[in-house]
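Enquirer: The structure follows.
Just so it is clear, none of the values below were taken in a lab; they were calculated from the coordinates. Predicted model only: the values in this text are computed from it and were never measured. Neighbour counts are summed over all protein chains in view; Cβ atoms, including those assigned to glycine, are modelled from backbone coordinates with ideal geometry.
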Amino acid sequence: MTIKSTHNNITILGNIKSLTHHHDIIKELEIIKREYQNITIHILNSISITSSVIGYFCKLVDSEKINLSLHINNNDLYNLLDELNLINVLNVQKIS
């Protein structure tokens, strides 16, 4: 997994599947949220996401009032977030 960021946009390439990935995502978001309240995360090519990352995203939205938007291009990941009733909470959008 690799993370690239520009301003309030984060792009995650590859599967999000380990504790190291979780820490890398948190580290990047902690830097960005100091300056921005609206953050867009592009999750490309990931077929899964760890529960700890989902929990952190929910914390950002619920507790820290960050306006988060997830742009996902994998149908299975989109369907998983839909089954968890997180489409509206995390402002998930399916992209091609």
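Enquirer: Return the percentage of antiparallel bridges among DSSP beta bridges fully within the chain, rounded to the nearest 5 %.
Expert: Percent antiparallel among DSSP bridges in the chain is about 25.
Enquirer: Over its Cα atoms, what ratio of radius of gyration to 2.2 N^0.38 Å does the chain give?
Expert: 0.96
Enquirer: Same structure again: Just add up the charged neighbours of Lys94: K/R +1, D/E -1, any other residue whose Cβ is under 15 Å from the Cβ of Lys94.
Expert: Working: positive: none; negative: Asp76, Asp82, Glu83.
Its environment carries a net charge of -3.
Enquirer: What Kirkwood radius, in Å to one decimal, follows from the Cα pairs of the range 23-66? If you can, show how the numbers build up before the last one.
Expert: On the way: mean 1/r = 0.0891 Å⁻¹.
Evaluated on the range 23-66, it is 11.2 Å.
Enquirer: Next question, about the same structure. Based on DSSP loop calls and a cut-off of at most 11 other Cβ atoms within 10 Å, the longest stretch of the chain free of exposed GluC sites (Glu not before Pro) is what?
Expert: The reported range is 1-34.
Enquirer: Can I ask one more? Report the calculated FRET efficiency for Arg34 and Asn73 (r = Cβ-Cβ distance, R0 = 35 Å), to the nearest 0.05.
Expert: Working: r = 28 Å, r/R0 = 0.80.
FRET efficiency, Arg34 to Asn73: 0.80.
Enquirer: Still on this structure, I have one more. Exposure proxy check: Thr11, Thr20 ranked by fewest other beta carbons within 10 Å? Please report the intermediate quantities before stating the final value.
Expert: Working: Thr11 15, Thr20 9.
With the sparsest Cβ surroundings first, the list reads Thr20, Thr11.
Enquirer: Here's a follow-up. What is the gain in length, in nm to one decimal, between Thr20 and Asn88 on full extension, counting 0.36 nm per residue of separation less the C-alpha to C-alpha distance?
Expert: 21.8 nm
Enquirer: Further, regarding this structure: Amide H of Ile10: which non-local residues (sequence gap of 5 or more, or other chain) have their own amide H closer than 5 Å, using H built in the peptide plane?
Expert: Thr40, Ile41, His42
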